[in-house]
Amino acid sequence: NQRWRDSLTHLNRLIATQPWSTDVHLRKAAANMELQQWQYAIDEYGTILEHEPHNPAALFYRGYASTKLRHYDVARRDYETLLARLPRHAEARLSLSYVLQQLGRKTEALDQLNLLVEQRPDSAVVFASRAALEDELKQHEAALYDWDQATQLEPLNADYEVSCVALLLRLKRHGEALRRLDAASKRGIPPGVLH
């Protein structure tokens, strides 16, 4: 923390004594983020966006900081603005899906994850995110399919396997759950992690 505070002091001095530099302001906002000074970071990104209304880093991280303060509508607008210019920005789309879920707009959140699966069929995180939402929406077969895709992409990720097994157990599919546990153990996931 002290290192970031020292960095912040130095950056504030640069901002006060030099002409406008987007890079310096981005570094100051990043230091605010590291220190979890969310509102200061939001204000700094806002200053950047006054000079460069479509700066992708400022839009993304202001959305992230807004999420930390549970300002979900603000975060949503930033992510949507960013995605209008960079529709393949995977982190922004994943973040937008999360924000939509927090706003209770789960169908729209699922639409974002569906788009993301099309764009990033090689991402276990994307499949796992969609599986978790499908499970919540009681779309159990779709969730099982997506947990399976996630575990195929990251065979040693115990969290994905545990989530899939937990869903199978809730569905009273005990034999299938046991087979998955055995297969996971054979792939090298320690049995203790799977309990």
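The values are calculated or read from the model by the stated rules, or taken from the named source; none is laboratory data. If you're wondering where the values come from, they're calculated on a predicted model, not measured in any experiment. Quick reminder, even Gly has a Cβ in these numbers, built from the backbone with ideal geometry, and neighbours come from all protein chains shown. Please note that ligands, DNA and RNA were not included when accessible areas were found on the heavy atoms of the full protein model with its side chains. Shrake-Rupley method; radii C 1.70, N 1.55, O 1.52, S 1.80 Å.
One residue is enough: does region 15-33 have a residue meeting the conditions within 28 Å of Ala132 (Cβ to Cβ), in contact with a helix residue (DSSP H, G or I) (Cβ under 8 Å, 6 or more places away or on another chain) and at pLDDT below 95? Checked region 15-33: at least one residue is within 28 Å of Ala132 (Cβ to Cβ), in contact with a helix residue (DSSP H, G or I) (Cβ under 8 Å, 6 or more places away or on another chain) and at pLDDT below 95.
Does region 103-129 hold any residues that are open to solvent by less than 40 Å² (accessible area, probe 1.4 Å), closer than 22 Å to Leu181 by Cα and not aromatic (Phe, Trp, Tyr), and which are they? Write out each step before concluding.
As a first pass, look at region 103-129 and keep what is open to solvent by less than 40 Å² (accessible area, probe 1.4 Å): 109-110, 112-113, 116-117, 119, 123-124, 126-129.
Among the residues that remain, those that are also closer than 22 Å to Leu181 by Cα are: 124, 127-129.
Scanning region 103-129 gives Ala124, Ala128, Ser129.
If you filter region 130-146 down to residues that are farther than 10 Å from Cys164 by Cα and of a type in the set (A, V, I, L, M, F, W, C), you find that the one that is least open to solvent (accessible area, probe 1.4 Å) is Leu133.
Identify, from the list Ala142, Ala131, Ala150, the residue that is under 14 Å from Leu113 (Cα atoms), assigned to a helix (DSSP H, G or I) and touching a Leu at 6+ places or on another chain (Cβ under 9 Å).
Details: Ala142 fails: touching a Leu at 6+ places or on another chain (Cβ under 9 Å); Ala150 fails: touching a Leu at 6+ places or on another chain (Cβ under 9 Å).
Selected residue: Ala131, the only one of Ala142, Ala131, Ala150 that is under 14 Å from Leu113 (Cα atoms), assigned to a helix (DSSP H, G or I) and touching a Leu at 6+ places or on another chain (Cβ under 9 Å).
If you filter region 86-99 down to residues that are hydrophobic (A, V, I, L, M, F, W, C) and surrounded by fewer than 23 Cβ atoms within 10 Å (Cβ to Cβ), you find that the one that is nearest to Ser129 (Cα to Cα) is Leu94.
Quick one: count up the residues across region 33-78 that are in a helix (DSSP H, G or I) and open to solvent by less than 40 Å² (accessible area, probe 1.4 Å). Reasoning before the result, please.
Here is the first cut: in region 33-78, the ones in a helix (DSSP H, G or I) are 33-34, 38-51, 56-68, 72-78.
Adding the requirement that they be open to solvent by less than 40 Å² (accessible area, probe 1.4 Å) leaves 33, 41-42, 44-46, 48-49, 57-60, 63, 65-67, 72, 75, 78.
Here the count works out to 19.
For region 18-25, indicate whether the set of residues that are within 26 Å of Arg85 (Cα to Cα), aliphatic (A, V, I, L, M), part of a helix (DSSP H, G or I) and touching a residue at least 24 places away in the same chain (Cβ under 8 Å) is non-empty. Looking through region 18-25, none of the residues is within 26 Å of Arg85 (Cα to Cα), aliphatic (A, V, I, L, M), part of a helix (DSSP H, G or I) and touching a residue at least 24 places away in the same chain (Cβ under 8 Å).
Restrict the check to region 155-162 and report whether at least one residue is assigned to a helix (DSSP H, G or I), surrounded by 20 or more Cβ atoms within 10 Å (Cβ to Cβ) and among the aromatic types (Phe, Trp, Tyr). So that I can check it myself, show each step before the final result.
Taking region 155-162 first, the residues assigned to a helix (DSSP H, G or I) are 158-162.
Among the residues that remain, those that are also surrounded by 20 or more Cβ atoms within 10 Å (Cβ to Cβ) are: 160-161.
From what's left, among the aromatic types (Phe, Trp, Tyr): 160.
Yes, there is a match, as at least one residue in region 155-162 is assigned to a helix (DSSP H, G or I), surrounded by 20 or more Cβ atoms within 10 Å (Cβ to Cβ) and among the aromatic types (Phe, Trp, Tyr).
For Ala166, the conditions (1) modelled with pLDDT under 95; (2) assigned to a helix (DSSP H, G or I); (3) surrounded by 15 or more Cβ atoms within 10 Å (Cβ to Cβ) all hold with the exception of (3).
Only one entry in Pro87, Pro121 is more than 23 Å from Gln139 (Cβ to Cβ), in a loop (DSSP other than H, G, I, E, B) and over 15 Å from the mean Cα position of the chain (by Cα), namely Pro87.
Yes/no per residue for (1) acidic (Asp, Glu); (2) over 15 Å from the mean Cα position of the chain (by Cα):
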site: Gln2; (1), (2): no, yes
site: Leu11; (1), (2): no, yes
site: Ala16; (1), (2): no, yes
site: Glu44; (1), (2): yes, yes
site: Phe60; (1), (2): no, no
site: Arg76; (1), (2): no, no
